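Below is one structure, written out as C-alpha cells; the observations come after it.
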C-alpha cells in the first residue's frame, strides 16, 4: 500500500493539483458526454413524437 | 455461407442496427466500469511511487490511454468514413460522425493531462514541440471534420466532404506516433513498444492497459449511443422510425 492515511492519498506527495486536475477533468468529461448524448436522444424523440401527433391529428380532422 | 453473409449485411441498415446498438450499449458500459475500477485500483493503490517523479507520474494512467484513444478513434473514424465513401453506405458515415466528438474529447483530455503533467515536470504547461503540436493538430482535425459536416445541409454531401477531410488527416497519426523519434523533443519516448520489453514496472503497465481498455469500451458505448440519436435524426422521414415504440404517441 502506498498511502498511510486518506490525507496522504489526497496530497499525492505534493502533486495534488496536477494529479487531481488531470483525473478530475477526465472524470468530469466522461460523465458530461453521456449526459449530453442522452439529451440529444430525448430531443429527437420528442420532435418525432410531436410530428407523429400532428400527422395523426391531420388524419382525423382533415 | 451465403446465409451468413446476408445476415451480416443485414446490420448495415440503420433500421436493423438501431435496436441492435441499443442492446449492445449496456454490455460496453459494464465492461468500461469493470476495467475502469480495476485500472483505478492499480493506478492508485498497487503501482509503486516513481523513483524520479514521485506521485506526479500517476498522471500517466490517464494521459497515455487518452492519447492512444485519440489516435485510435481517428483511425477508426477515417475507416468508417472511407467505407461510407466507397460503398455509399450511410450507416458507415453515421458511425464516423458519431465517433468524431468522442475522439475530439480524447484529444482534448490528452492535451489537458499533458499540460498538467508538463507543468510540474518540465516547468511549463505547453511547448511548441513536435509531439504536442501534432496532437493539437489532431484535435483541430476532429473539430474541422465536425464543423465541415455541420456546415453542409445535405447529409450525404456532408458525409462525402467529411470523409475526404478525415482521410487526408490520417497522415497526421503516424506523425504524432513517430514524432518522438523523428525530432528532438522534450516529450519522452513511447511508453510501450512492440519491439522492446517495457521499461516500467509490470503493475504500471497493467494499470495503463486497463485504463486504456476502460476508455475503449467507454468510447464504443458512447459512440453507439450517439449513432442511435443520429440515426433517428437522419432517418426521421422513414416509416420504420415513425413506427418505433418510443416515437408513437
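The values are calculated or read from the model by the stated rules, or taken from the named source; none is laboratory data. Remember, predicted model here, so these are calculated numbers, not experimental data. Note that we place each Cβ from the backbone using ideal geometry, even for glycine, and neighbour counts take in every protein chain shown.
Restricted to region B:207-246, and to residues that are more than 12 Å from chain A (Cβ to nearest Cβ) and touching a helix residue (DSSP H, G or I) at 6+ places or on another chain (Cβ under 6 Å), which residue is surrounded by the fewest Cβ atoms within 10 Å (Cβ to Cβ)?
Applying the filter and picking the extreme gives B:213.
Considering each of A:36, A:30, A:17 in turn, give the residue that is part of a helix (DSSP H, G or I), crowded, with 16+ Cβ neighbours inside 10 Å and without any contact (Cβ under 8 Å) to a residue 40 or more places away in the chain.
Residue meeting the stated conditions: A:30.
Regarding region B:53-63, can at least one residue be identified that is more than 15 Å from residue B:145 (Cα to Cα) and in contact with a strand residue (DSSP E or B) (Cβ under 6 Å, 6 or more places away or on another chain)?
Checked region B:53-63: at least one residue is more than 15 Å from residue B:145 (Cα to Cα) and in contact with a strand residue (DSSP E or B) (Cβ under 6 Å, 6 or more places away or on another chain).
Matching residues to (1) at negative phi; (2) modelled with pLDDT of 95 or more; (3) out of contact with any strand residue (DSSP E or B) (no Cβ under 6 Å at 6 or more places or on another chain); (4) within 11 Å of chain A (Cβ to nearest Cβ):
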site: B:16; (1), (2), (3), (4): yes, no, yes, no
site: B:25; (1), (2), (3), (4): yes, yes, yes, yes
site: B:35; (1), (2), (3), (4): yes, yes, yes, no
site: B:48; (1), (2), (3), (4): yes, no, yes, yes
site: B:66; (1), (2), (3), (4): yes, yes, yes, yes
site: B:73; (1), (2), (3), (4): yes, yes, yes, no
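Quick one: count up the residues across region B:144-189 that are surrounded by 14 or more Cβ atoms within 10 Å (Cβ to Cβ), in a loop (DSSP other than H, G, I, E, B) and without any contact (Cβ under 8 Å) to a residue 24 or more places away in the chain.
Qualifying residue count, region B:144-189: 1.
Only one of (1) within 19 Å of residue B:151 (Cα to Cα); (2) facing chain A (nearest Cβ under 10 Å) fails for residue B:95. Which number is that?
(2) is the only condition that residue B:95 fails.
Scan region B:134-143 and give yes if some residue there is touching a helix residue (DSSP H, G or I) at 6+ places or on another chain (Cβ under 7 Å), within 30 Å of residue B:52 (Cβ to Cβ) and within 14 Å of chain A (Cβ to nearest Cβ), otherwise no.
Yes.
Yes or no: residue B:197 loosely packed, with under 14 Cβ neighbours inside 10 Å, away from chain A (no Cβ under 14 Å) and modelled with pLDDT of 95 or more?
Here the answer is no, as residue B:197 does not meet what is asked.
Give region B:103-119 a look and list any residue that's within 7 Å of chain A (Cβ to nearest Cβ) and within 14 Å of the chain's Cα centre (by Cα), or say none.
Those that are within 7 Å of chain A (Cβ to nearest Cβ) and within 14 Å of the chain's Cα centre (by Cα): B:105, B:109.
Sort out which residues of region A:1-14 are surrounded by 11 or more Cβ atoms within 10 Å (Cβ to Cβ), more than 7 Å from every other protein chain (Cβ to nearest Cβ) and not in a helix (DSSP H, G or I), and write them in order of number.
A:3
For region B:72-90, name all the residues that are more than 16 Å from the chain's Cα centre (by Cα) and crowded, with 24+ Cβ neighbours inside 10 Å.
B:84
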